[in-house]
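The values are calculated or read from the model by the stated rules, or taken from the named source; none is laboratory data. Please read all numbers here as calculations on a predicted model, not as lab measurements. Counting neighbours? That spans all protein chains shown, and the Cβs are built from the backbone with ideal geometry, glycine included. Accessible surface is based on the protein model in full, side chains and every heavy atom, while ligands, DNA and RNA are left aside. Shrake-Rupley method; radii C 1.70, N 1.55, O 1.52, S 1.80 Å.
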Amino acid sequence: MDFQLTDEQRDIRDTARAFVTRELLPLEEDFLRSGAARLPREQERSLQAKARKFGFWGMSAPERYGGMALPALTQSLIHIEVARTCVPFRFGGEADNILYGADAAQQEEYLLPTIEGRRLGCFALTEPGAGSDAAAIRTSARRDGADWVINGQKTFISNGDDADYAIVIAVTDRDARHGSTAFLVDRDAGWTSTPIPTMGSWHQPATLFFDQVRVPAGKVLGDVGAGFDLAKRWIGKGRHVISAHCVGIAERCLRMAVDYANLRETFGRKIGANQAVQWMIADSETELEAARWLALRAAWDVDRGADARHSVAMAKLFCCQMVGRVVDRALQIHGGMGYSKELPLEGWYRAVRAMRIFEGTDEIQRLILSRDLLRGFTRIGGHLA
Amino acid sequence: MNIVVCVKQVPDTATERKLRSDDKTLDRDAADGVINELCEYAVEEALRLKEAHGGEVTVLTMGPDKATDTIRKALAMGADKAVHLVDPALHGSDALSTSYALAQTLKKIGFDLVILGSESTDARTGMLAAMLAERLGTPQLTLANKVEISGAGITVQRVTDYGFDKVEASLPAIVSVVEKINEPRYPSFKGIMAAKKKQVQTFGIADAEIDAAQVGVANAWSEVADFAVAPPRAAGTVVKDEGDGGVKTADYLASKKFI
């Protein structure tokens, strides 16, 4: 068993790390002071353009769309690095995975401009009465001549207030088992949005309202009735990435905690000389290391084509809880400084709470894990059993 | 144009750096090895000159086995091939013997232009470019923040305390660069994937006709007699201004031989 990264993985990781260190970390102080939820769009696009010059573009996009089509594990390594700063950034050149299966006209109108950063989409599945039980959605689309007319409400939609189009999952046949369909709906078609203020500063989802929104038949993504399958594919695409994100945040927090413990003096000695602080550091390191391997192992399962749902659920459950504990301890070690808005710790403390909720709550992950074991879908010991 | 860039692997400045207790040389296993930052500027300049004038960029490094990481980084940035001078006999070589070993290797591989970073973050002697030029009998153009090639001639802006000097020479020549010269590129995704297919030649001291009696810790001209952890900074001297603050400050500086 070899726990090393390959040379390529390490070099790609190092390039991502250098980019974060040189381009993003220097922006952190001003970003925190600004109180903004994200970088100005233009600034983010110019950073993406800079990264594109050295090929960091379209990490998950197929090569025929100019992407890198990187293995999930390599993508996870990059996400860990990017998560080390609170400055929200993602390398450009990507689009929602289900858009790659769109027809030629839709690719021209939605996929390609999204990859180029000229359009911004959002994925609208969740409703006030339907979250992980996606089959309970009520937003409907009914045929009216050659058109479809959409009515309903979507909520907690990431990018929902900024997007200029939405991929909307709506019920098209209430009696059929596969009775939902995905639609590409421009904001111009008449839907509106309201941001939802949340506990986190850097994530502002929105509620979307559809009132007699009319779209032509050409806006159906995939087939009529394929909405639920597309939604499952969308949800499945990147849950392992959230775990990597947790690992990156926790790494940075622990680094800050260790540095501060070696710097800050009280009662004539460094606070790192106190066992209370030492134990917080030791526990954080241990949990972080466990989380790292769960996250990478889940990505490895994705890459080897195995059914990764079980290992992804374990990784998400553990990593999202781990990061909360590590941020909390790092903040505690920093004392008043940790509570101040001059450091990213208090922001992370609030932001990471969402990770135990979105893309499947802790409880949903536990449901998946226990069901897999109780019904014999997986074996104790996983692939080593 | 055949450009050789000398790069050095140094311990990461972000980690704790140590000397070995046995032979008082740098403990290269104690810290992560990274490419010396100024060497990245040297590689970048070499790549820009190649892009403008054609030719080939060869990376040359002297260091232990793990220095291959640094070679790979330079190759990923876009250098064409590499030479790795590695031999247990070279361990502990000081600046003077390092310049001898590198000069011998450069004679073997040939060059029109050699580019170096002006110093390394570990030893910080900043002497290697001048020593190489002397040993190879070529002009030295050090501390360059701008390099121009025209035909067989080279012109650099040499950074000085008062601005810069314009220095001209003919090729072949040795150039050292400062960090103001350019912004090093990131290794590209394609470059990273291509790096492993590029040629890395390994030289031992016999290959480069290096005399073992002139290199290594036993033959170094400089010696680390002793070392100790730097003492914690002592409290400063406070000058209280009672109308004579200027005089007191001047007296203090004079007592320390600053003025």
List every residue pair whose Cβ atoms sit under 8 Å apart, with the two residues 6 or more apart in sequence or on different chains, where the first one lies in the range A:2-20 and is facing chain B (nearest Cβ under 7 Å) and the second, anywhere, is among the aromatic types (F, W, Y).
A:I12/B:F189; A:T15/A:F54; A:T15/A:F56; A:T15/B:Y186; A:T15/B:F189; A:A18/B:Y186; A:F19/A:F56; A:F19/B:Y186
Subset of the range A:21-30 (residues that are open to solvent by less than 50 Å² (accessible area, probe 1.4 Å) and away from chain B (no Cβ under 14 Å)):
A:L27, A:E28
Scan the range A:326-379 for residues that are farther than 30 Å from A:S132 by Cβ, open to solvent by 80 Å² or more (accessible area, probe 1.4 Å) and of a type in the set (S, T, Y) and jot them down.
A:Y339
Specify which of the listed residues (B:E134, B:E168) is at pLDDT 95 or above, part of a helix (DSSP H, G or I) and of a type outside the set (A, V, I, L, M, F, W, C).
B:E134
Given the structure, is B:S150 over 17 Å from the mean Cα position of the chain (by Cα), more than 15 Å from B:V59 (Cβ to Cβ) and open to solvent by 20 Å² or more (accessible area, probe 1.4 Å)?
yes
Check the range B:190-199 and report whether any residue there is out of contact with any Leu (no Cβ under 7 Å at 6 or more places or on another chain), more than 28 Å from A:W57 (Cα to Cα) and either more than 14 Å from chain A (Cβ to nearest Cβ) or in a loop (DSSP other than H, G, I, E, B) (or both).
no
Mind telling me which of the residues B:K73, B:K24, B:K50, B:K81 ends up being touching a residue at least 60 places away in the same chain (Cβ under 8 Å), closer than 17 Å to B:L113 by Cβ and charged (D, E, K, R)?
B:K81
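Select, from A:R41, A:R33, A:R84, A:R64, the only residue that is within 14 Å of chain B (Cβ to nearest Cβ) and either of a type outside the set (D, E) or open to solvent by less than 10 Å² (accessible area, probe 1.4 Å) (or both).
That would be A:R84, the only listed residue that is within 14 Å of chain B (Cβ to nearest Cβ) and either of a type outside the set (D, E) or open to solvent by less than 10 Å² (accessible area, probe 1.4 Å) (or both).
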Going through B:E45, B:E51, B:E119 one at a time, which residue ends up being within 22 Å of B:T160 (Cβ to Cβ) and open to solvent by 50 Å² or more (accessible area, probe 1.4 Å)?
B:E119
Please go through the range A:113-137 and pick out each residue that is open to solvent by 30 Å² or more (accessible area, probe 1.4 Å), farther than 21 Å from A:T361 by Cα and out of contact with any helix residue (DSSP H, G or I) (no Cβ under 8 Å at 6 or more places or on another chain).
A:E116, A:R118
If we scan the range B:177-196, do we find a residue that is touching a Gly at 6+ places or on another chain (Cβ under 7 Å), open to solvent by less than 50 Å² (accessible area, probe 1.4 Å) and modelled with pLDDT of 95 or more?
yes
Output the residues belonging to the range B:202-224 that are open to solvent by 80 Å² or more (accessible area, probe 1.4 Å) and in a loop (DSSP other than H, G, I, E, B).
B:A206, B:D207, B:E209, B:W221, B:E223
Within the group B:V175, B:V229, B:V247, which residue is of a type outside the set (K, R), part of a loop (DSSP other than H, G, I, E, B) and either more than 14 Å from every other protein chain (Cβ to nearest Cβ) or free of Cβ contacts under 8 Å to residues at least 12 places away in the same chain (or both)?
B:V229
